[in-house]
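Working notes for the structure below.
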Amino acid sequence: AMVATRASDERGTAQQVDVAVVGAGFAGLYLLHRLRKAGFSAVGLEEAGDVGGTWYWNRYPGARCDIQTIDYSYTFDPELEAAWTWSEKYATQPEILRYLGFVADRYDLRRDIRFKTRVTEARWDEASERWLITTDSGAPVSCRHYIMATGCLSAPKPPEIDGVKDFKGEVYFTGRWPHDGVNLAGKRVAVIGTGSSAIQSIPLIAEQAAHLTVFQRTPNFALPAHNGPPPLDRMSLLQSDRATYRAQARQSMAGVPYPQQTVVSWQLSDAERRERFERAWAAGDLVHILTQLWADQAVDVDGNKIVQDLIREKIRAAVKDPETAAALTPHDHPFGAKRPCLDTNYYATYNRPNVTLVNLRQEPIKAITASGISTNGRSFDLDVIVFATGFDAMTGAIRAVHPITGRGGKSLSDVWAQGPQTYLGLTVAGFPNFFMITGPGSPSVLSNMAVSIEQHVDWVVDRLAALRDAGFTTIEPTETAQAGWGRHMTDCSMLTLHRLANTWYTGANVPGKVQGLMPYTGGVGPYRSICDEVVSRGMLGFRLT
Ligand code: FAD
């Protein structure tokens, strides 16, 4: 009786809506738009001060997308597409943030979003068949459906190094960069990490700083972006038949309209392979080089090694000091099994006299001290430390809402104790009316996220409307369906080379995180077909009440 009273009290003061959407990034914005059009009342709950998600938080120098911007855009409204023109092949963070603000204005979305509001807890109430969402600011929310559009790369990983608090200089995180920028001129700066954010920011930080010291644990493969205006060949392909171009992206493996290669490496001569590689290198296109060289590059160790060797040659040619070149050259993972990066002058930056690379494999960091960083052997006096140490990917933001309590008082973190279990990466057994956009078990981070986000949002909103129109109030996957999806995930992943790399795709970057490949590797097009088939077969694997 006590519990029931508390629940009804909270409901009394709670904001009542059909759907609560957590997050106002690419996904949350589109969700709010679609939900409103489908006749649902919805509220967006967003920790940040404005819309944008990834592009709100990541304001470090050099932050850009690395999927061509004409592909990394909303496609749901041709008029929106006509109303916006990207200035670059790979737009900068400020331009993408302006775009998302433009979208929010165009569809008047901000009026339904509560900013500076972090969701702290969510509880399914079996009696009322509603979720009760607790926030750190303002009224709780009572809703029929709870959708987490909280982002795959939105929970920055805390530093693993002791002593950060002792450091007397300035400390920044690339994923939480100050809005007013940072003046690095004349300063001794350290960047810790050599993932995508580091690789994008290091060349620009090196231009400003008196001295830059880069602390590297694992080298990454980086490819030249060759940024500039949107390339004419892709633009004319898009403009000559927009509908077909977008349809092909939706059916493709990675969410970018490239054909699937059928030629395998051993059918090509050395010269033919080199020619394909040089063309891909010159294109400055991540998806091109990941998918268009030869069909076995992502599934066969030998087919992959050929690409690795060709890229290693490029690194050796770009970096003058052989020892630095060797340290920058990856040897511990297949190309593509860890997220490769696009760069502008990354390798060449190490030829500057004011840049030092510290190879943490040889001299690990011992401590951060009041004056800088000391390794096994040296100490570095610093004014600024930049952590480019990445994210608790895919599950970090979901698990940060704690507890999420489903049927029978079970919490999501208990259900996921051995790693995330989902049906289609969208739903979890025991958690009715709960959805994740680009959740673990969906293609998400292995794809052009814009395409994957639109597919998830469309699927979820269409299902909610169909459910309502048929008079159902709850939807929940069965344990059997969820177990089957887990098997299918594993089967697909065994065809890839992801098992040979310790990465944020597998949870290896976060100490203590359960290991397992989190994204679905079967491809964007096949995944969409499966989601559609689930619907056409009468919501296969779901229980509706
Ligand atoms: P996000 O943009 O991460 O938005 C999630 C929002 O949820 C955030 O604003 C966060 O504050 C909010 N939130 C989370 N938890 C809570 C809570 N408990 N309460 C309230 N609010 C909460 N993808 C590509 O496809 N191509 C690219 O080129 C590309 N480049 C990237 C570059 C960087 C630097 C990063 C970090 C990511 C990049 N990505 C890229 C991935 C990118 O995250 C997605 O493309 C996309 O922006 C994700 O949108 P989203 O709405 O799903 O999540």
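The values are calculated or read from the model by the stated rules, or taken from the named source; none is laboratory data. Not measured: the values here are computed from a predicted model. Here the Cβ is made from the backbone with ideal geometry for all residues, glycine too, and neighbour counts use every protein chain on show.
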Checklist entry - Just a yes or no: is a residue in the stretch 479-502 touching a strand residue (DSSP E or B) at 6+ places or on another chain (Cβ under 6 Å) and farther than 30 Å from residue 130 by Cβ? => result yes
Next on the checklist: If residue 49 meets every condition in (1) near the ligand (Cβ under 9 Å from one of its atoms); (2) part of a loop (DSSP other than H, G, I, E, B) apart from one, which number is that one?
Outcome noted: (1)
Item to check | Top-ranked residue of the stretch 442-479 - restricted to ones that are within 15 Å of the ligand (Cβ to nearest atom) and assigned to a loop (DSSP other than H, G, I, E, B), ranked as nearest to residue 541 (Cα to Cα) | outcome: 443
Item to check | Hits in the stretch 157-181 - residues which are under 17 Å from residue 59 (Cα atoms), of a type outside the set (Val, Ile, Thr) and away from the ligand (no atom under 16 Å from the Cβ) | outcome: 170, 180, 181
Next on the checklist: For the stretch 331-353, check the following and say yes or no: at least one residue is buried (at least 20 other Cβ atoms within 10 Å of the Cβ), farther than 26 Å from residue 447 by Cα and in contact (Cβ under 8 Å) with a residue 24 or more places away in the chain.
Outcome noted: yes
Item to check | Among the candidates 297, 292, residue that is buried (at least 18 other Cβ atoms within 10 Å of the Cβ), touching a strand residue (DSSP E or B) at 6+ places or on another chain (Cβ under 8 Å) and free of Cβ contacts under 8 Å to residues at least 40 places away in the same chain | outcome: 297
Item to check | Tally, over the stretch 303-357, of residues that are closer than 15 Å to residue 212 by Cβ and assigned to a helix (DSSP H, G or I) | outcome: 6
Next on the checklist: What's the number of the only condition in (1) in a helix (DSSP H, G or I); (2) touching a residue at least 12 places away in the same chain (Cβ under 8 Å) that residue 207 fails to meet?
Outcome noted: (2)
Checklist entry - For the stretch 58-77, does any single residue satisfy the condition of being more than 17 Å from the chain's Cα centre (by Cα), more than 12 Å from the ligand (Cβ to nearest atom), surrounded by fewer than 19 Cβ atoms within 10 Å (Cβ to Cβ) and part of a helix (DSSP H, G or I)? => result no
Checklist entry - Does residue 123 count as surrounded by 15 or more Cβ atoms within 10 Å (Cβ to Cβ), more than 13 Å from the ligand (Cβ to nearest atom), basic (Lys, Arg) and in a helix (DSSP H, G or I)? => result no
Next on the checklist: Could you list, ordered by first residue, the pairs with Cβ atoms under 8 Å in which the first is in the stretch 425-449 and within 13 Å of residue 150 (Cα to Cα) and modelled with pLDDT of 95 or more and the second is within 13 Å of the ligand (Cβ to nearest atom) and basic (Lys, Arg), at least 6 apart or interchain?
Outcome noted: none
Checklist entry - Pick from 45, 35, 80: which is crowded, with 22+ Cβ neighbours inside 10 Å, under 25 Å from residue 459 (Cβ atoms) and in contact with a helix residue (DSSP H, G or I) (Cβ under 7 Å, 6 or more places away or on another chain)? => result 35
Next on the checklist: Looking only at the stretch 89-120, count every residue that is part of a loop (DSSP other than H, G, I, E, B) and farther than 26 Å from residue 404 by Cα and tell me the total.
Outcome noted: 6
Checklist outcome for this item: Within the stretch 135-156, restricting to residues that are more than 25 Å from residue 13 (Cα to Cα) and surrounded by fewer than 22 Cβ atoms within 10 Å (Cβ to Cβ), the one that is nearest to the ligand (Cβ to nearest atom) is 155
Item to check | Identity of the residue in the stretch 396-417, part of a loop (DSSP other than H, G, I, E, B) and in contact with a strand residue (DSSP E or B) (Cβ under 8 Å, 6 or more places away or on another chain), that ends up nearest to the ligand (Cβ to nearest atom) | outcome: 401
Checklist outcome for this item: residue 109 fails exactly one of (1) of a type outside the set (Gly, Ala, Ser); (2) more than 9 Å from the ligand (Cβ to nearest atom); (3) under 30 Å from residue 221 (Cα atoms); (4) buried (at least 16 other Cβ atoms within 10 Å of the Cβ), namely (3)
Item to check | Sole residue being among the aromatic types (Phe, Trp, Tyr) and touching a residue at least 60 places away in the same chain (Cβ under 8 Å), chosen from 57, 84 | outcome: 57
Item to check | Unique residue being in a loop (DSSP other than H, G, I, E, B) and buried (at least 24 other Cβ atoms within 10 Å of the Cβ) when the list is 432, 420 | outcome: 432
Checklist outcome for this item: For the stretch 207-219, the count of residues that are touching a helix residue (DSSP H, G or I) at 6+ places or on another chain (Cβ under 8 Å) and crowded, with 22+ Cβ neighbours inside 10 Å equals 2
Checklist entry - Residues 497, 446: which one is buried (at least 23 other Cβ atoms within 10 Å of the Cβ), under 20 Å from the mean Cα position of the chain (by Cα) and hydrophobic (A, V, I, L, M, F, W, C)? => result 446
Item to check | Count - residues of the stretch 237-275 that are within 29 Å of the chain's Cα centre (by Cα) and closer than 16 Å to residue 303 by Cα | outcome: 3
Item to check | Tabulated pairs, the stretch 245-256, first over 13 Å from residue 68 (Cα atoms), second in a loop (DSSP other than H, G, I, E, B) and aromatic (Phe, Trp, Tyr), C-beta under 8 angstrom, 6+ apart or interchain | outcome: 252/258
Checklist entry - Consider residue 531 against the criteria (1) under 30 Å from residue 157 (Cα atoms); (2) touching a Leu at 6+ places or on another chain (Cβ under 8 Å); (3) in a helix (DSSP H, G or I): it satisfies all of them except one. Which criterion is unmet? => result (1)
